[in-house]
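**Q** The structure follows.
The values are calculated or read from the model by the stated rules, or taken from the named source; none is laboratory data. This is a predicted model, so every value here is computed, not measured. As a convention, Cβ positions derive from the backbone with ideal geometry for all residues, glycine included, and neighbour counts pool all protein chains shown. Just the protein is used for accessible areas: all its heavy atoms, side chains included, with ligands, DNA and RNA removed. Shrake-Rupley method; radii C 1.70, N 1.55, O 1.52, S 1.80 Å.
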Amino acid sequence: MNMKMKIVVILVSLSTLVNTAKAQDMSEQCRVNMSLMNELERNGQFAEAFAPWKAVFEECPEAGLAIYQRGERILHWKLNQAIERGDMEARDEYFELLMRMYNKRIEHFGTHRTFPAPRILGLKGRDYIRFMQGDGLSKQTYKWLKQSIEGMGDATDLEVLQQFVILSNRMFQENPEHAPAFIDDYLKATDILARQANNPENPHAEIASQVRQRLDEMFIHSGAADCETLDTIYAEAVNENLDDLDFLNQVMAFYRRVGCVEQEVFFIAAAAAHRIQPTVESAVGGALVSIQRGNHARAIEYYEEATRLSEDNIERSNLQLDVAMIHFNRLNNYSRARAHALRALEFNPANGRAHFLIGVLYARTRDISDDPVINKTVFWAAVDRFVRARQDATIADEANNMIRLYSPHFPTREEIFFHPALNAIGEGGTFTVGGWINERTTVRAAAQ
């Protein structure tokens, strides 16, 4: 080996020794700062924890996930303190550091099982909205939230879903051309929320349901739910996708959700979907189309088919109640309406609307007898049903109104006393209301 080569080898060796020693020193210093950061942050001493945290973050960002978990809480505290003081310069400084921290977290821990890169992007978007309100909710924030939802799917954080739809709505209000994207964003987020709310293993299911209800309310008042607007957006797409069952079902579900089931686009989608593969959604669509076209017999057939296709007893109950309403409102057939309302109760005994409908049927029945006092007994049976209906919170107020409306129409105490059949039974006794009703009830007098 010549002298020149020996010098190169010696220099390389010295450089390696120096770098190794520096790495060892840095590693030791990182360990000290990590320990300080952990202890101080754990005790809520965020001001004191900031310096050792920042040293660890800057010098050894790959040292552990705790750098980012604790760093998020420390920087949130620093940001809130700056905002409370009105120090926007400090706020901007800490916010820039927070964003940089998220970027580093993606770089070093973006493949983490429970906190992968898409979830971290959701945190970035959430914090941009939380701390930079009034400074412009940029398209980049919208992109981060969207990427988070696309990457996390049904595991997306609730706040990310909520803020994504709120932000998309703001973009729509500022630019009506964003309407198709806003509708798609709303559907995507609320579909995920629905699955989260219906997951019995999800500890946050109730909150997911509440978030979805808030977003539904916001969407209804957004201006994007106008039926003509929806037709403008979906008419061409439906005609171009008459063989895409998933798309057709999505369109039908959306039109139903916003109450646009009388639109021609809905009719076309429903017919096409049912031809491909009959489903509950397509059968209900066919029923609604048939009702609008005055073909009530065909509508009933569609609802019966939907009932057979459904595997959800609550859904089956509501479908049978839809059939009952056709017999009541469209065909004026009270006995058939009651038969289907009773079937609805077989599927779901807690369906107060079925009891409510039966009560209305009874209350509207006249002349079951030539005896005017006996005719008043229908109100006993009607109120019995309203009392049962009010156990369902969704219709309790309407049921109580009906009880107040029809209770005064009971036979009076004098009418009961002077009526041979009713007097023989006496108040509190059991009486069978005649005619098509044929239901047992309790004799009682109207309140004086």
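**Q** Do any residues in region 311-332 that are over 13 Å from ARG353 (Cβ atoms) have Cβ atoms under 8 Å from those of residues that are open to solvent by 70 Å² or more (accessible area, probe 1.4 Å) and assigned to a helix (DSSP H, G or I), where the two are at least six apart or on different chains, and which pairs are they?
**A** Once the first residue is over 13 Å from ARG353 (Cβ atoms) and sits in region 311-332, its partners that are open to solvent by 70 Å² or more (accessible area, probe 1.4 Å) and assigned to a helix (DSSP H, G or I) give HIS327/ARG336.
**Q** Return the residues of region 307-323 that are assigned to a helix (DSSP H, G or I) and touching a Lys or Arg at 6+ places or on another chain (Cβ under 7 Å); say none if nothing qualifies.
**A** THR307, GLN320, LEU321
**Q** Out of the residues in region 252-269 that are of a type in the set (Val, Ile, Thr) and modelled with pLDDT under 85, state the one that is farthest from ALA189 (Cα to Cα).
**A** Among residues in region 252-269 that are of a type in the set (Val, Ile, Thr) and modelled with pLDDT under 85, the one farthest from ALA189 (Cα to Cα) is VAL261.
**Q** Do any helices (runs of 4 or more DSSP H) entirely within region 362-448 hold 1 or more residues that are under 23 Å from GLY352 (Cα atoms), and if so, which?
**A** Filter on region 362-448 gives 378-389, 396-406.
**Q** Also, I was wondering about something else. Which members of region 205-229 meet the condition of being over 13 Å from PHE182 (Cβ atoms), in contact (Cβ under 8 Å) with a residue 40 or more places away in the chain and touching a Leu at 6+ places or on another chain (Cβ under 8 Å)?
**A** Correct list: ILE207, ALA208, VAL211.
**Q** Picking from GLU150, GLU159, GLU177, which residue would you name as being within 30 Å of MET99 (Cβ to Cβ), without any contact (Cβ under 8 Å) to a residue 60 or more places away in the chain, touching a helix residue (DSSP H, G or I) at 6+ places or on another chain (Cβ under 6 Å) and open to solvent by 40 Å² or more (accessible area, probe 1.4 Å)?
**A** GLU159
Rundown of residues vs (1) touching a strand residue (DSSP E or B) at 6+ places or on another chain (Cβ under 6 Å); (2) surrounded by 15 or more Cβ atoms within 10 Å (Cβ to Cβ); (3) under 27 Å from LYS146 (Cβ atoms), yes/no style:
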residue: SER27; (1), (2), (3): no, no, no
residue: SER35; (1), (2), (3): no, no, no
residue: GLY64; (1), (2), (3): no, yes, no
residue: GLU72; (1), (2), (3): no, yes, yes
residue: HIS76; (1), (2), (3): no, yes, yes
residue: ASP87; (1), (2), (3): no, no, no
residue: PHE95; (1), (2), (3): no, yes, yes
residue: LEU98; (1), (2), (3): no, yes, yes
residue: GLY110; (1), (2), (3): no, yes, yes
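**Q** Among the residues of region 394-414 satisfying the criterion of being under 10 Å from VAL383 (Cβ atoms) and of a type in the set (Gly, Ala, Ser), which is least open to solvent (accessible area, probe 1.4 Å)?
**A** ALA399
**Q** Now, a different point. I'd like the full set of residues that are without any contact (Cβ under 8 Å) to a residue 60 or more places away in the chain and of a type in the set (Gly, Ala, Ser), limited to region 423-448.
**A** Matches in region 423-448: ALA424, GLY426, GLY428, GLY429, ALA445, ALA446, ALA447.
**Q** Can I ask one more? Are any residues in region 192-218 touching a Ser or Thr at 6+ places or on another chain (Cβ under 8 Å) and not small (Gly, Ala, Ser), and if so, which ones?
**A** Hits for region 192-218 are ILE192, LEU193, ARG212, LEU215, ASP216.
**Q** In this structure, is PRO372 within 24 Å of TYR334 (Cβ to Cβ) and in contact with a His (Cβ under 8 Å, 6 or more places away or on another chain)?
**A** No, not satisfied.
**Q** Any idea how many residues of region 181-212 are open to solvent by 20 Å² or more (accessible area, probe 1.4 Å), among the β-branched types (Val, Ile, Thr) and either under 20 Å from TRP144 (Cβ atoms) or modelled with pLDDT under 90 (or both)?
**A** Counting residues in region 181-212 that are open to solvent by 20 Å² or more (accessible area, probe 1.4 Å), among the β-branched types (Val, Ile, Thr) and either under 20 Å from TRP144 (Cβ atoms) or modelled with pLDDT under 90 (or both) gives 0.
**Q** Of the residues PHE115, PHE57, only one is part of a helix (DSSP H, G or I) and either surrounded by 15 or more Cβ atoms within 10 Å (Cβ to Cβ) or among the charged types (D, E, K, R) (or both); which?
**A** Within the list PHE115, PHE57, the selection yields PHE57.
**Q** Please go through region 219-229 and pick out each residue that is in a helix (DSSP H, G or I) and among the aliphatic types (A, V, I, L, M).
**A** ILE220
**Q** Continuing with the same structure: Between PHE131, PHE182, PHE164, which is among the hydrophobic types (A, V, I, L, M, F, W, C), touching a residue at least 24 places away in the same chain (Cβ under 8 Å) and more than 30 Å from TRP77 (Cβ to Cβ)?
**A** After ruling out the rest, the residue left standing is PHE182.
**Q** Just to check your reading of the model, which residue among HIS221, HIS178 is more than 14 Å from the chain's Cα centre (by Cα) and modelled with pLDDT under 90?
**A** The match here is HIS221.
**Q** In region 361-393, how many are farther than 15 Å from LEU422 by Cα, in contact with a Phe, Trp or Tyr (Cβ under 8 Å, 6 or more places away or on another chain) and of a type in the set (Val, Ile, Thr)?
**A** Within region 361-393, residues that are farther than 15 Å from LEU422 by Cα, in contact with a Phe, Trp or Tyr (Cβ under 8 Å, 6 or more places away or on another chain) and of a type in the set (Val, Ile, Thr) number 3.
**Q** Report, ordered by the first and then the second residue, all pairs with beta carbons closer than 9 Å, sequence separation of six or more or different chains, a first member in region 400-422 that is farther than 19 Å from THR432 by Cβ and without any contact (Cβ under 8 Å) to a residue 40 or more places away in the chain, and a second member that is loosely packed, with under 13 Cβ neighbours inside 10 Å and of a type in the set (S, T, N, Q).
**A** THR412/GLN448; ARG413/GLN448
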